[in-house]
Amino acid sequence: MKDYILYSLNDEKYGVLLLCLSHENIFTFYQDVQQELLSRNSKGIILLDQLLVTGNGDNRFVSLPYDCGKIDFSKAENVMVSNTIRKISVELLNTNISALKSTILTDDQQEMVRQKIAI
């Protein structure tokens, strides 16, 4: 199983949602993400969801521009996202429910994921 999901978004601002499926940060699997980005689009903005890494705080979602598969971490920004994107993220996480075993989420938050409630 991969430590992340790369999901194409139909969104004006973000082309791809990168959902971490472990408590590891993006640098653990950056090379794999880079290869997948090369096969998708040459340029865009990734929306990184770090729910399992950082919890549901202000630094949960980060926008990261990329070009030719290379992510520009120097332009990373914490962002607020719509409930629609939060719902997509929770639904993706729900299909990988085993990822909740070793996470920073509270029991209540884990139950919300199981019930597909956007957090």
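Tabulated results
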read-out: Residue in the stretch 19-36 that is under 13 Å from the mean Cα position of the chain (by Cα), outside any loop (DSSP other than H, G, I, E, B) and among the polar types (S, T, N, Q) present; value: no
read-out: Test for LEU92: is it within 16 Å of ILE5 (Cβ to Cβ) and outside any helix (DSSP H, G or I); value: no
read-out: Residue match in the stretch 36-46 (condition: closer than 24 Å to LYS116 by Cα and not basic (Lys, Arg)); value: yes
read-out: Residue ID - surrounded by the most Cβ atoms within 10 Å (Cβ to Cβ), chosen from residues in the stretch 56-92 that are at pLDDT below 95 and in contact with a helix residue (DSSP H, G or I) (Cβ under 8 Å, 6 or more places away or on another chain); value: TYR66
read-out: Condition check for SER98: part of a helix (DSSP H, G or I), surrounded by fewer than 13 Cβ atoms within 10 Å (Cβ to Cβ) and at pLDDT below 95; value: yes
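The values are calculated or read from the model by the stated rules, or taken from the named source; none is laboratory data. These numbers were taken from a predicted model, which means no experiment stands behind them. Cβ coordinates were reconstructed from backbone atoms using ideal geometry, including for glycine residues, and neighbour counts include every protein chain displayed.
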